[in-house]
Amino acid sequence: MAENNKHIVIDFDSTFTQVEALDILGEISLHTHPERKARLQAIKDITDKGMEGGMTFRESLDARIDLLDAHKNHLPELISKLKTKVSVSFKRNTDFFLKNSDNIYIISNGFKDFILPIVTEFGVLESNVFANTFHFDSDGNIIGFDKENVLSSNQGKVKVLQQLGLVGDVYVIGDGYTDFEIKKAGLANKFYAFTENVLRDQIVQNADHITPSLDEFLYLNKMNTAISYPKNRIKVLLLENVHQRAVDLMKAEGYQVEVYPAGLDEDELCEKIKDVSIIGIRSKTQITRKVIDHANRLISIGAFCIGTNQIDLQACLERGIAVFNAPFSNTRSVVELAIAEIILLMRNLPDKFSMMHQGKWDKSAGSSFEVRGKKLGIIGYGNIGAQLSVVAESIGLEVHYYDIEEKLALGNAKKCSSMNELLETVDIITLHVDGRPENQNMIGENEIKHMKQGVVFLNLARGHVVDVPALKKALESGKIRGAAVDVFPEEPKSNNDEFVSELRGVNNVMLTPHIGGSTLEAQENIAQFVPGKIMEYINTGSTSNSVNFPNLQLPTFINAHRLIHIHKNVPGILAHINNLLAQHDVNIVGQYLKTNETVGYVITDIDKEYDQDLIDSLKKIEHTIKFRVLY
């Protein structure tokens, strides 16, 4: 056996693949069996007991084959299914298998009949695969296994390693007791408990190291080829009941994900964020400069909502933290709520609801109006305001709008030259502005004076854009005949905290708990969009749709390393980067630069070969904020 420093022994079931192959074979072979459910559970229980060392391996194997009732004809379907169940981190690191094929061994208590077709596609040598073989009867039924094969007996993997006599360091990656036995017998330097697919407490306790993915093993042993940092080391904190879809996506990506149901105050967040790489929030959590100063590892922030005023974007930019939001994902939900509330208020239905619950029957048409032909005033003609304009016009409202920026009127909407012009013109006013500081109390006593008597008023934008005492006074006087308010200057951190507002108890106002975008469709859309943008940024460097970073949409790259350099926007940085690359004889395959007033963002794709001195030099360039090797 040729000498080499590192030999890597890898288990097959639940390590190379996400599943136990015999469990899947059972699902196939017992498809129409009357005892299917009971037998499948028995097979699984026997597998777990054997993997944890609770029964001898040969006992486990005999029992499972008896239960399988399997045939040779079932194997092609099994192989086909197993090919779709290769562990995600293994698929991510195909280069590792190709480059180290001479020194990678698959040693399994499973069967060559289905293992070889899977692992050889990754470049594993057939001669380096050690496993059991099935015995068939004359009709092709699986009736047993080769009992002369040492892998069918207890300590089988130990015996194979003894026969191989590998010279050098031996590392074992697996999830079961038979893998640990190799280390226990003194035939391996380290046993890595592979937990990407299954976590067995007893095995983890005996491991030298827990490796939640192959990335972790490669990183620890400086053998990583397709990634620069193991994804299982990227910690994600998701606050405020972010939709489960986001949790699932980030876990599937390989990240460590922690979920917290409520918001956190500044001091709590300062403590919690110290080792977090990605944080996801909604509207309640405030990410201040103080919080950013405590975020030692933060790469990106996801705002699972439209607004980002709860985040100090400038502080994030100065620290090289990219922020992403969901500018369109809940637009339709907010628009539908606005339309519903306009109709309810114009018909005076909130008061009717209350009276009916009190046993009062008031069938009069007084203070009840159709919306058709009424004038709707939209303050803020962005994504939501513009879509509301279209929907409102389709049900007969005459739309007027005001925005500080020049916006194209949709349909027959009429642009107002000033906010006062809009206030004096319309029957219904709805706010759809952002939460920038200059919008504080943009609707107060003075603005209310300009409104028509008996106007209907909606705020589904931000709590601080309305002077709440002035709104209450106008409601009580009848100047505003009815209002719908979804957002408030102070909101509870969680559903368990009391909602406090001066508007509580006012009869002609509808209060909702910041639910404008809270539909299942909107939350799922947001939970798909925001993680997608964050993962794209981490995986490719693309900053498309970032609210604070220079926006770069990057092409796919092949056979190159991608270097990301974030720096203060001062002259000469790009030249310095390229000089260092030239000094190290590194060829640039592609390069992309985008800047804003604060930072420069440079993506450089280079040839595969480079040395650590180059990386160290790039990190030390003056005015560097963040640097990372993507691949």
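The values are calculated or read from the model by the stated rules, or taken from the named source; none is laboratory data. Computed from a predicted structure; not experimentally measured. Cβ coordinates were reconstructed from backbone atoms using ideal geometry, including for glycine residues, and neighbour counts include every protein chain displayed.
Here is how the numbers come out for the structure above:
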| quantity | calculated |
| --- | --- |
| Boolean, THR512 is buried (at least 17 other Cβ atoms within 10 Å of the Cβ) and among the β-branched types (Val, Ile, Thr) | no |
| Within segment 441-495, tally of residues that are over 23 Å from PHE369 (Cβ atoms), under 33 Å from the mean Cα position of the chain (by Cα) and not aliphatic (A, V, I, L, M) | 11 |
| Residue in segment 412-431 that is on the phi > 0 side of the Ramachandran plot and either touching a residue at least 24 places away in the same chain (Cβ under 8 Å) or not assigned by TED's automatic domain parsing to the domain that holds GLN387 (or both) present | no |
| Single residue of segment 146-173 satisfying the filter (of a type outside the set (A, V, I, L, M, F, W, C) and in contact with a Phe, Trp or Tyr (Cβ under 6 Å, 6 or more places away or on another chain)) that is nearest to LEU220 (Cα to Cα) | ASN154 |
| Sole residue being without any contact (Cβ under 8 Å) to a residue 40 or more places away in the chain, crowded, with 16+ Cβ neighbours inside 10 Å and either on the phi > 0 side of the Ramachandran plot or assigned to a strand (DSSP E or B) (or both), chosen from VAL602, VAL586 | VAL602 |
| Condition met for SER89 (crowded, with 16+ Cβ neighbours inside 10 Å, touching a Leu at 6+ places or on another chain (Cβ under 7 Å) and of a type outside the set (A, V, I, L, M)) | yes |
| Answer residue from segment 235-275, given it is under 21 Å from ASN496 (Cα atoms) and among the polar types (S, T, N, Q) and is modelled with the lowest pLDDT among those | ASN241 |
| Residue list for segment 503-520, restricted to those being in contact with a Pro (Cβ under 9 Å, 6 or more places away or on another chain) and within 13 Å of ILE480 (Cα to Cα) | ASN507, ASN508, VAL509, MET510 |
| Filter pass, ASN459 being in the same structural domain as VAL487 (by TED's automatic domain parsing), of a type outside the set (A, V, I, L, M), in contact with an Asp or Glu (Cβ under 9 Å, 6 or more places away or on another chain) and within 23 Å of SER367 (Cβ to Cβ) | yes |
| Residues being in contact with an Asp or Glu (Cβ under 7 Å, 6 or more places away or on another chain) and either β-branched (Val, Ile, Thr) or surrounded by fewer than 19 Cβ atoms within 10 Å (Cβ to Cβ) (or both) - total across segment 126-158 | 6 |
| TYR401 vs. criteria among the aromatic types (Phe, Trp, Tyr), assigned to a loop (DSSP other than H, G, I, E, B) and under 27 Å from HIS514 (Cα atoms) | no |
| Qualifying residue in segment 471-493 (condition: touching a residue at least 24 places away in the same chain (Cβ under 8 Å) and within 19 Å of GLY302 (Cα to Cα)) | yes |
| Output for segment 533-557, where each listed residue is crowded, with 16+ Cβ neighbours inside 10 Å and not in a loop (DSSP other than H, G, I, E, B) | LYS533, ILE534, MET535, GLU536, TYR537, ILE538, THR540, SER546 |
| Per-region count, segment 351-391, residues over 35 Å from the mean Cα position of the chain (by Cα), of a type in the set (A, V, I, L, M, F, W, C) and not in a loop (DSSP other than H, G, I, E, B) | 4 |
| Flag for ASN508 being in the same structural domain as PRO350 (by TED's automatic domain parsing), in contact with a helix residue (DSSP H, G or I) (Cβ under 9 Å, 6 or more places away or on another chain), closer than 21 Å to ASN420 by Cα and not aromatic (Phe, Trp, Tyr) | no |
| Residues that are at pLDDT below 95 and in a loop (DSSP other than H, G, I, E, B), drawn from segment 621-631 | LEU630, TYR631 |
| Any hit, segment 144-152, residues being over 27 Å from the mean Cα position of the chain (by Cα) and basic (Lys, Arg) | yes |
| Criterion violated by GLY411 - all others in (1) assigned to a helix (DSSP H, G or I); (2) under 38 Å from the mean Cα position of the chain (by Cα) satisfied | (1) |
| Some residue of segment 263-272 being touching a residue at least 60 places away in the same chain (Cβ under 8 Å), in the same structural domain as ASP312 (by TED's automatic domain parsing), of a type outside the set (D, E, K, R) and more than 22 Å from SER329 (Cα to Cα) | yes |
| PHE90 being within 36 Å of the chain's Cα centre (by Cα) and touching a residue at least 40 places away in the same chain (Cβ under 8 Å) | yes |
| Single residue of THR211, THR225 found to be at pLDDT below 95, surrounded by 20 or more Cβ atoms within 10 Å (Cβ to Cβ) and not assigned by TED's automatic domain parsing to the domain that holds THR285 | THR211 |
| Members of segment 432-463 found to be among the acidic types (Asp, Glu) and on the phi > 0 side of the Ramachandran plot, listed by number | none |
| Scan of segment 93-111 for residues that are within 30 Å of the chain's Cα centre (by Cα), polar (S, T, N, Q) and surrounded by fewer than 19 Cβ atoms within 10 Å (Cβ to Cβ), ordered by number | THR94 |
| Which listed residue is closer than 30 Å to VAL172 by Cβ, of a type outside the set (Lys, Arg) and either within 11 Å of the chain's Cα centre (by Cα) or not assigned by TED's automatic domain parsing to the domain that holds ALA185 (or both), from GLY302, GLY254, GLY280 | GLY254 |
| Options GLU393, GLU370, GLU406; residue that is of a type in the set (Asp, Glu), modelled with pLDDT of 95 or more and loosely packed, with under 13 Cβ neighbours inside 10 Å | GLU370 |
| Which numbered condition ASN309 misses (of (1) surrounded by 18 or more Cβ atoms within 10 Å (Cβ to Cβ); (2) assigned to a loop (DSSP other than H, G, I, E, B)) | (1) |
| Filtered residues of segment 43-86 (kept if of a type outside the set (Val, Ile, Thr) and not in a helix (DSSP H, G or I)) | GLU52, GLY53, GLY54, MET55, ASP69, ALA70, HIS71, LYS85 |
| Positions within segment 454-467 being surrounded by fewer than 20 Cβ atoms within 10 Å (Cβ to Cβ) and more than 18 Å from ILE342 (Cβ to Cβ), in sequence order | GLY463, HIS464 |
| Checking ARG92 against (1) at pLDDT below 90; (2) at positive phi, the condition it does not meet | (2) |
